[in-house]
Number of protein chains: 2
Amino acid sequence: MNDTFLKACRGEDVSYTPIWIMRQAGRYLPEYRAVRGKADFLTMCKTPGLAAEVTLQPIDILKVDAAILFSDILIPCEAMGQGLEFHEGKGPLLAPAIRDEETVRRLSVPDPEDKMRFVMDAVRLLRKELSGRVPLIGFAGAPFTTATYMIEGGTSKNFLNTKRMIYENPALYKTFMDKVTATITEYLKAQIAAGAQAVQIFDTWGGIFSPADFREHALSYVKMIIRNLKEWMLSRGETVPVIYFVGETAGLLEEIRTSGADVFGVDWRIDLDSAAARLGNDVVVQGNLDPLSLFLPVNKIEERVKDVLRRGASARGHIFNLGHGVVPQTPPENVVALVEMVHRLSKK
Amino acid sequence: MNDTFLKACRGEDVSYTPIWIMRQAGRYLPEYRAVRGKADFLTMCKTPGLAAEVTLQPIDILKVDAAILFSDILIPCEAMGQGLEFHEGKGPLLAPAIRDEETVRRLSVPDPEDKMRFVMDAVRLLRKELSGRVPLIGFAGAPFTTATYMIEGGTSKNFLNTKRMIYENPALYKTFMDKVTATITEYLKAQIAAGAQAVQIFDTWGGIFSPADFREHALSYVKMIIRNLKEWMLSRGETVPVIYFVGETAGLLEEIRTSGADVFGVDWRIDLDSAAARLGNDVVVQGNLDPLSLFLPVNKIEERVKDVLRRGASARGHIFNLGHGVVPQTPPENVVALVEMVHRLSKK
């Protein structure tokens, strides 16, 4: 059993820096595209056998130190009662957009083993198929990031509708966020109960806020989830690490450090040692190579890997990752090379 | 003559905090929409009388302390020989996209008084019509931000083509950037010669880089422009302040401080006092209210204005602004209220 990733999450000594890659089960892999050619994206998410198949691909191909469940952060939106569609090259469409009392009222807090059973089935299947090779990471969107999609009805440029709800009708936003937070809390518990050995909370859009707004309208809900999960795990005698990833972290690190997470995901827009210093140094950081630097020649990638490893060494622990998901056009051989480099260059 | 803005740019004592607003001549104003109803966006940019008319509107309506020329950062792209179109609700289209030796080779470094004379005519007209009421700010896109539009052919999500050129063909990128930098340098000189009393360099997309990439592929060209402008101004006995605005500044402040600019524009994703501290405190900062906080009730806007003023006071000088452009849906009465508040609350 390769438990280097889990040890690093807990800040324990490791013999090399573990690595996994956000969106490692993705379109840059021909093996993934072969599966995707047979089923649409949402069908893949909802078919445990297919989700498990693509989750396992990067373990064999890249030799990463952790598997992350293939799924989508918008799955809970559909389970709450909002329509969810993905159209080729267009991004997600969620309808109706959640913008008034009535649409908020109609949303439910679903039982995950009822409405999202396929996710937990995939987790159970994967734990069996991995049989201890590497740990399995579960995940969910943070409440704020999830809410932006539900309010905007998809992706957004400046999150106008989301901020308008927050600024013009804060009571409605709070009622809505309480439902989203309850849903995500139960969803993460269900993933852990099904066998997830770590969980990552993705707050991709948290960085659109000023620090004070981030604290009040995004972070407070993440804190509730983490506190709730930790109490629940304690009562079960479990200690599953929680990773908190925020996109565009640089202005918010002093806030993020109070989240209660075990590991802090850092995007590439800041040097990892500066980020670690502002997080308090006695923390475990995850990151933070620019995903697009995988288009560099391999010798230049190696220079950057060395730099990230050197900077990451200033924290108590470091899990190597990109600063955001790997993009579909990335040469897969460079991703394979990246994992090899991190293992080789960090060996003690 | 209200020279509070120019004094603040130079770090001199002022009796209140001056304010202007990025995109203050814009669609949130009914008076702007009335002009825009008669001419398309590019025609407005190219007709000095119309550009001057909308430039002056916010001076009368908002009582801001500076006028900023109505124009677009993509004007120099067309002058260099690339096709430029704006379509309602679609963003700019530039063709052909600059991605290979041939398209780079075909670009010229234009004489601004020849190919962009309408801009300088607008500046000359405005100086006459303003007759000293408030100073006039000229502007240009930073070379990197300008280059992203030229390479992508418009706006972009992850700037894949831009980063690919940088990482896969750095020599071509450099050749291209040298042309863009020369064009923008001459363009800013021409604006100053025509009467611009301050200039702002917009590096809206600078924040997509890691600090090292930002330094090498964006900041180095801005430094060349500022150094060149300062020498040229010295030889003419002029001291027009240069403002450098970067979107998503938070991870890059230690780099930005070396730019040579007189004033540093800060976006809203970081507290202004933290930004000032990392810039060195003995600097003049400009910013940084979240544009969407103008949807708050007026009493809540006032709380935020107080907070920004308090934080801005830690720098040598502070020019109030939003952290990015005002959005079209903003209630204009809240923008009027903002300017009144800044003046009232900062009065010494």
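The values are calculated or read from the model by the stated rules, or taken from the named source; none is laboratory data. Predicted model, so just to flag it, every value in this text is computed and none were measured. As a convention, Cβ positions derive from the backbone with ideal geometry for all residues, glycine included, and neighbour counts pool all protein chains shown.
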Worksheet, complete the sentence: Among the residues of segment A:93-151, the number that are free of Cβ contacts under 8 Å to residues at least 40 places away in the same chain and either farther than 30 Å from A:Y173 by Cα or in contact with a His (Cβ under 8 Å, 6 or more places away or on another chain) (or both) is 2
Fill in: Residue check for B:V305: more than 19 Å from the chain's Cα centre (by Cα), buried (at least 16 other Cβ atoms within 10 Å of the Cβ) and within 14 Å of chain A (Cβ to nearest Cβ)
yes
Practice prompt. With a cut-off of at least 2 residues that are of a type outside the set (V, I, T) and within 20 Å of the chain's Cα centre (by Cα), name the helices (runs of 4 or more DSSP H) lying wholly within segment B:18-124.
Written response: B:41-46, B:48-62, B:75-80
Discussion item. Just the residues that are of a type in the set (V, I, T) and closer than 17 Å to A:F214 by Cα, please, taken from segment A:152-175.
Written reply: A:T162, A:I166
Practice prompt. Take B:H318 and decide whether it is within 14 Å of chain A (Cβ to nearest Cβ) and surrounded by 23 or more Cβ atoms within 10 Å (Cβ to Cβ).
Written response: no
Worksheet item: Before we move on, is A:R269 within 12 Å of chain B (Cβ to nearest Cβ) and surrounded by fewer than 23 Cβ atoms within 10 Å (Cβ to Cβ)?
Response: no
Worksheet item: Which members of segment A:158-173 meet the condition of being surrounded by fewer than 17 Cβ atoms within 10 Å (Cβ to Cβ) and more than 9 Å from chain B (Cβ to nearest Cβ)?
Response: A:N169, A:P170, A:A171
Discussion item. Restricting to segment B:226-254, name every residue that is more than 18 Å from the chain's Cα centre (by Cα), in a loop (DSSP other than H, G, I, E, B) and among the charged types (D, E, K, R).
Written reply: B:E238
Worksheet item: Among the residues of segment B:205-225, which ones are away from chain A (no Cβ under 11 Å), aliphatic (A, V, I, L, M) and either buried (at least 21 other Cβ atoms within 10 Å of the Cβ) or not in a helix (DSSP H, G or I) (or both)?
Response: B:A218, B:L219, B:V222, B:I225
Worksheet item: Taking segment B:252-266 as the search range and keeping residues that are on the phi < 0 side of the Ramachandran plot and not hydrophobic (A, V, I, L, M, F, W, C), which one is farthest from the other protein chains (Cβ to nearest Cβ)?
Response: B:D262
Discussion item. So, B:L229, is that one over 16 Å from B:G207 (Cβ atoms) and in contact with a helix residue (DSSP H, G or I) (Cβ under 8 Å, 6 or more places away or on another chain) or not?
Written reply: yes
Worksheet item: For B:P135, which of the numbered conditions (1) within 15 Å of B:G195 (Cβ to Cβ); (2) touching an Asp or Glu at 6+ places or on another chain (Cβ under 6 Å) fails to hold?
Response: (2)
Worksheet item: Hey, any hits in segment A:131-140 for a residue that's more than 14 Å from every other protein chain (Cβ to nearest Cβ), more than 24 Å from A:I68 (Cβ to Cβ) and among the aromatic types (F, W, Y)?
Response: no
Fill in: Whichever residue in segment B:141-157 is of a type in the set (S, T, N, Q) and within 14 Å of chain A (Cβ to nearest Cβ) and, among such residues, is farthest from the chain's Cα centre (by Cα)
B:S156
Worksheet item: Do we have B:E248 as at the interface with another protein chain (Cβ under 10 Å from one of its Cβ atoms), out of contact with any Phe, Trp or Tyr (no Cβ under 6 Å at 6 or more places or on another chain) and on the phi > 0 side of the Ramachandran plot here?
Response: yes
Worksheet item: In segment B:174-185, which residues are in contact with a helix residue (DSSP H, G or I) (Cβ under 7 Å, 6 or more places away or on another chain) and either surrounded by fewer than 18 Cβ atoms within 10 Å (Cβ to Cβ) or modelled with pLDDT under 95 (or both)?
Response: B:T175
Item to complete: Select from segment B:273-300 the residues that are of a type in the set (V, I, T) and either within 19 Å of the chain's Cα centre (by Cα) or crowded, with 19+ Cβ neighbours inside 10 Å (or both) and write down the one among them that is farthest from the other protein chains (Cβ to nearest Cβ).
Response: B:V284
Worksheet entry | Number of positions in segment A:323-345 that are small (G, A, S) and part of a helix (DSSP H, G or I) | 1
